[in-house]
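In what follows, a structure is listed as structure tokens, so that the remarks can point back to it.
The values are calculated or read from the model by the stated rules, or taken from the named source; none is laboratory data. Bear in mind that the values here come from a model prediction, so they are computed numbers and not experimental data. Every residue, glycine among them, receives a Cβ derived from its backbone with ideal geometry; neighbour counts consider all protein chains shown.
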Amino acid sequence: MFRWIQIEEEEAEKLEKEGVIPKDTGFRYNHPVMGRSMVEYHVDTCELFQRKMNDENVFGGRPSVRRDKTKKMLIKIGHDEAIMKQYLLTKKKWRGPNGEMALVPKDEGMGLMISGTMSREFGWGLHLSKEELAQVNETRLGKSYEDAESANAKRGSANKMPLTESPFIREFEYGSKGEGYWSYEHMVIQLEDCIDCLKVLYPQYEFVFLLDHSCGHDRQREDGLNAGKMSKSFGGRQKKLRDTEIKKEDGYLGPFHRTLKVGDIQKMCFQSTDIGPFWMTPEEREQSRKDIVVTTKTKIRKYTKDELKRFLEAKGVSVKGNLAALQSACEQNGIPIQEEKNKIIEGWEGKPKGMLQVLWERGFINTEDGEKKAYQSYSIKGYTDQFGNHRPETSLKELMSSCKDFTEEETMLQSIACKLGVRVDRTPKCHCELAGEGIEYAWACSKNKYRSILIENKKGKENFTKTVRSCISRDHITRERAQKFAKRARRYIMGYHVLHQQQHNKAQDSSSRGNEAIMPVKLEQMVKQFKTHRCALDFDYSFCKEVFKDITQAS
């Protein structure tokens with residue numbers, strides 16, 4: 001990444017004597033061309049390095065001399081959403097000489113959601129000139145979004161429209177009277193718009209987007225590997241999951257008899273060439289291979305909400321509401337709300353295998369006492385022993401969820417981003433101080449400024465929107481400040497890394513055996529402090545106020 005600076009050893013020794021940088025740090029090497037002794041430092045080592053690189057380099061840092069030159073340079077882009085309330089006020093208020101306080105609005109007023117990105121290289125968002133927008137739009141002509149369903153739902157068409165402004169910062173009027181609520185559909189469209197810009201303007205680099213954990217960002221693929229979508233036996237209402245590769249033995253294969261080996265592709269549905277469920281006898285397998293239609297018995301099934309919507313749309317009727325409202329609309333338009341079908345005894349061929357079969361093929365099911373007994377020895381949640389203790393080795397869900405391909409399954413966003421040629425990673429839950437290259441500090445910086453503006457200047461939708469835009473502009477959240485915020489987040493990451501190493505070393509040290517569960521006091525304090533998702537103003541108030549003071553003094 002563009003995070004490094006190389007200086008001559010003499011200059012490094014001088015800075016060490018002056019106390020600007022710690023002694024005996026950096027990577028020392030001989031310059032292959034000049035033949036001089038050099039030292040490489042991270043730009044976060046001191047502010048002098050970052051200022052020097054900003055003056056010299058467009059990305060605020062050089063590549064490392066130790067990098068793998070066969071790989072592209074990587075740029076990280078953090079993402080997050082925040083809400084700006086019209087009457088966003090501090091908890092404290094000034095009193096006048098006679099003890100009176102100014103009247104403030106009783107409600108929070110209008111709200112505007114901002115979905116933004118930040119990186120060290122580009123700063124807040126990404127500025128695009130008219131020429132660059134035209135260049136990007138030229139490549140988008142006639143193309144459709146990867147997730148066509150989401151584009152249709154939110155924009156009425158899967159076709160890509162010309163971009164009129166940079167998609168890296170997006171305003172969103174949330175709520176029932178606005179554009180609804182921010183969801184996966186909004187996020188995946190914004191992500192693809194951003195990727196289109198990066199692929200055209202910066203094709204020589206690789207990109208990774210850092211997102212937080214939320215319902216929208218964590219949505220799984222329809223056929224994604226998820227133990228929660230599986231039942232014990234075959235068929236039924238369980239989803240058809242995608243096939244998966246057995247990449248290695250550890251985490252994929254168990255200690256008992258198995259039919260798979262490393263490198264095999266495990267089919268998650270029974271094929272016509274399969275022998276069928278392992279717990280059945282050969283006769284039972286053959287008898288239950290195909291679905292059996294029982295003509296003497298019928299079954300009534302009510303249509304689902306989605307099915308009723310499709311029936312109504314086919315007749316040109318648009319109805320919103322719950323299931324009862326849709327059923328009523330169907331009856332008024334002569335559309336049946338249920339169907340009568342013959343009872344079907346389900347066969348296994350072509351059906352999802354279920355957890356028991358999948359785990360047996362991997363060698364996690366003990367069949368020493370026979371296949372029939374094995375079927376009874378496992379359940380979805382597992383059994384308890386005679387003392388009431390839970391036995392996790394009998395829980396199909398726990399065994400399935402512990403397999404590495406299930407734990408490392410990509411989300412919908414990650415899958416789509418991979419198809420588009422970039423990566424999406426997620427920052428740790430409940431640790432917003434690490435999130436998105438320090439983007440939480442950018443929100444704190446903008447909200448500090450917003451709170452300092454008089455209420456009179458925020459009244460009315462036009463004034464409110466104009467004020468918010470000034471507070472989240474690149475003039476206020478400059479690239480230098482974005483780098484400072486990213487540096488702050490990196491310090492937290494380094495702190496956690498050191499504490500993690502200390503724990504690991506204590507666990508390995510025989511003299512401290514028995515104290516493995518003792519956590520460093522500072523880490524305990526951190527864990528308590530970051531139990532809930534909060535903003536940077538909550539967990540790093542003094543730093544945010546210091547940055548805001550620098551901003552106000554500079555202006």
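Numbers for the structure displayed
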| item | result |
| --- | --- |
| From the options P162, P167, P97, residue that is part of a loop (DSSP other than H, G, I, E, B), free of Cβ contacts under 8 Å to residues at least 40 places away in the same chain and within 30 Å of H431 (Cβ to Cβ) | P167 |
| Filter result for E192 (assigned by TED's automatic domain parsing to the domain that holds F122 and within 29 Å of T407 (Cα to Cα)) | yes |
| Helices (runs of 4 or more DSSP H) enclosed by the stretch 441-555 - at least 1 residues per element that are under 20 Å from I114 (Cβ atoms) and either modelled with pLDDT of 70 or more or in contact with a helix residue (DSSP H, G or I) (Cβ under 6 Å, 6 or more places away or on another chain) (or both) | 461-471, 479-508, 536-539, 541-554 |
| Subset of the stretch 366-377 that is in a helix (DSSP H, G or I) and among the polar types (S, T, N, Q) - its residue that is surrounded by the most Cβ atoms within 10 Å (Cβ to Cβ) | S377 |
| Those residues of the stretch 378-403 which are surrounded by 17 or more Cβ atoms within 10 Å (Cβ to Cβ) and of a type in the set (S, T, Y), in sequence order | Y378, T394, S395 |
| Every pair of residues 6+ apart whose Cβ atoms lie under 6 Å, when the first sits in the stretch 373-399 and is in the same structural domain as M280 (by TED's automatic domain parsing) while the second is of a type in the set (A, V, I, L, M, F, W, C) and part of a loop (DSSP other than H, G, I, E, B) | A374/I365; Y375/W279; L396/I380; K397/I380; L399/F364 |
| Index of the failed condition, G363 passing every other in (1) in contact (Cβ under 8 Å) with a residue 60 or more places away in the chain; (2) under 30 Å from D306 (Cα atoms); (3) crowded, with 16+ Cβ neighbours inside 10 Å | (2) |
| Selection from the stretch 223-251 of residues that are within 15 Å of L399 (Cβ to Cβ) and among the basic types (K, R) | K232 |
| Residue match in the stretch 408-419 (condition: polar (S, T, N, Q) and closer than 22 Å to R289 by Cα) | no |
| Enumeration of residues in the stretch 350-365 that are aromatic (F, W, Y) and either within 17 Å of I265 (Cβ to Cβ) or assigned to a helix (DSSP H, G or I) (or both) | W360 |
| Per-region count, the stretch 401-415, residues over 20 Å from E81 (Cα atoms), assigned to a helix (DSSP H, G or I) and in contact with a Lys or Arg (Cβ under 9 Å, 6 or more places away or on another chain) | 3 |
| Residue list for the stretch 16-52, restricted to those being among the aliphatic types (A, V, I, L, M) and either within 31 Å of the chain's Cα centre (by Cα) or in the same structural domain as K487 (by TED's automatic domain parsing) (or both) | V43 |
| Residue within the stretch 333-346 that is surrounded by 13 or more Cβ atoms within 10 Å (Cβ to Cβ), touching a residue at least 40 places away in the same chain (Cβ under 8 Å) and either over 30 Å from K373 (Cα atoms) or of a type in the set (D, E, K, R) (or both) present | yes |
| Selected residue [outside any loop (DSSP other than H, G, I, E, B) and under 17 Å from the mean Cα position of the chain (by Cα)] from V208, V200 | V208 |
| Within the stretch 404-443, considering residues that are of a type in the set (D, E, K, R) and within 14 Å of G78 (Cα to Cα), the one surrounded by the fewest Cβ atoms within 10 Å (Cβ to Cβ) | D425 |
| Boolean, K290 is in contact (Cβ under 8 Å) with a residue 12 or more places away in the chain, among the basic types (K, R), surrounded by fewer than 16 Cβ atoms within 10 Å (Cβ to Cβ) and in the same structural domain as K267 (by TED's automatic domain parsing) | yes |
| The lone exception for V136 - which of (1) under 30 Å from K309 (Cα atoms); (2) in contact with a Cys (Cβ under 7 Å, 6 or more places away or on another chain) it fails | (1) |
| Considering residues of the stretch 80-132 that are farther than 30 Å from D218 by Cα and modelled with pLDDT of 90 or more only, the residue surrounded by the most Cβ atoms within 10 Å (Cβ to Cβ) | E132 |
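Residue-by-condition table, conditions (1) of a type in the set (S, T, N, Q); (2) at pLDDT 90 or above:
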residue	(1), (2)
G224	no, yes
K240	no, yes
D243	no, yes
G254	no, yes
Q271	yes, yes
P282	no, yes
T295	yes, no
R310	no, no
